[in-house]
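First comes the structure, then the notes that go with it.
The values are calculated or read from the model by the stated rules, or taken from the named source; none is laboratory data. Keep in mind that this is a model prediction, so the values were computed, not measured. Every residue, glycine among them, receives a Cβ derived from its backbone with ideal geometry; neighbour counts consider all protein chains shown. SASA here: full protein model, heavy atoms, side chains in, ligands and nucleic acids out. Shrake-Rupley method; radii C 1.70, N 1.55, O 1.52, S 1.80 Å.
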Amino acid sequence: MPAVACSPMPASAREAAEQLLSIEAYEKCLLEPDEPFELRESLPPRLTEDQRVAIDALRELLDKEIHSWSEAVQREAKGHLDCFTLLRFIEARPAGISAALAMLRDTMKWRASDNRAVNRVFVKHHVQAQSDPFVDAARRHFYAGFIGFDKNNEPIFGERLGKVDLPGLAREGEPLLQCLLDAYVANTEAAFRMVRAASCASGQYVKATFVVDASGSPTSPLPHVSSINTFAGLAPPSYPAATP
């Protein structure tokens with residue numbers, strides 16, 4: 001599905017992305033920590049005809065079954081109906097629209113589940129969040145985060161794998177693992193929200209870049225392969241931008 005040729009993102013797109021990391025945005029989220037992040041396009045989205053057809057087809061399938069979902073899952077889904085977000089699910093599942101719908105359905109169930117509660121996790125680990133033992137532990141041990149913007153005003157996130165204390169993670173066990181998994185979700189959610197906001201503000205399809213720094217990583221990660229797989233397998237099923 002060919003993409004529309006896009007020029008560098010305007011400053012308004014960068015501002016929309018940066019705003020999500022502000023104290024004002026954090027305080028707003030704090031008032032309603034379970035509220036889905038809903039967006040409306042500020043400009044007409046620049047899409048090819050094939051992309052428009054695919055988005056319309058996905059909306060049609062979604063309309064036929066969304067009423068059968070739980071109230072919480074419906075609420076979450078209705079916050080993700082802007083064109084560019086739907087397009088991300090379509091591109092993540094090239095097998096077809098039914099596969100895109102299946103990913104969308106599973107993602108919204110995961111986001112709304114008590115086990116994950118993604119919106120609340122995002123607020124808990126927001127860059128402006130106040131200090132507490134759980135947040136402080138994540139800030140000490142987590143290995144990834146927002147770096148800045150590239151020359152096209154698209155966001156860049158970095159992962160410093162060498163910073164991961166895998167032996168310490170194995171030693172501390174489940175509490176620290178869950179803390180870092182939540183931090184990982186919050187970081188991926190920040191990237192997802194930033195590209196969604198920038199896309200809607202600019203009318204262009206914005207993507208984030210993830211830079212992985214493996215220097216200093218353990219030469220023999222085999223003893224910790226279970227922990228590595230837990231992190232590696234978290235985002236792709238639930239974040240279309242993280243799907244190869």
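Between the amide H of Asp213 and those of Glu159, Arg160, Leu161, distances stay under 5 Å, these residues lying 5 or more places away or on another chain, with hydrogens modeled in the peptide plane.
Greater than 22 Å separation of Cα atoms is the criterion. Which listed pairs, Lys28/Lys109; Lys109/Lys163; Lys151/Lys207; Lys124/Lys207, meet it? Pairs exceeding 22 Å: Lys28/Lys109; Lys109/Lys163; Lys124/Lys207. Excluding same-chain neighbours fewer than eight residues apart, the aspartates and glutamates reachable from Lys64 by a Cα-Cα span under 13 Å are Asp56.
What is region 10-114's relative contact order, in percent, from Cα pairs under 8 angstrom and six or more apart in sequence?
Normalised by residue count, the contact order of region 10-114 is 28 percent.
Along its three principal directions, the equivalent ellipsoid of region 31-98 from the Cα gyration tensor extends over semi-axes of 22, 17, 10 Å, largest first. May I ask for the percentage of alpha-carbon pairs in region 13-143 that lie more than 21 Å from each other? Summing the P(r) of region 13-143 above 21 Å gives 51 percent of all pairs. Legend: residues Phe210, Phe142, Phe157, sorted from most to least accessible area (1.4 Å probe; ligands, DNA and RNA excluded), read Phe210, Phe142, Phe157. Each Lys or Arg adds one and each Asp or Glu subtracts one; over the other residues with Cβ under 11 Å from the Cβ of Ser22, this totals -3. Per-residue Karplus couplings for region 42-47, computed as 6.51 cos²θ - 1.76 cosθ + 1.60 with θ equal to phi - 60°, are listed in order as 7, 10, x, x, 7, 9 Hz, Gly and Pro entered as x. Over region 66-126, all Cα pairs binned in 10 Å intervals from 0 give whole-percent P(r) values of 22, 49, 27, 2, listed from short to long.
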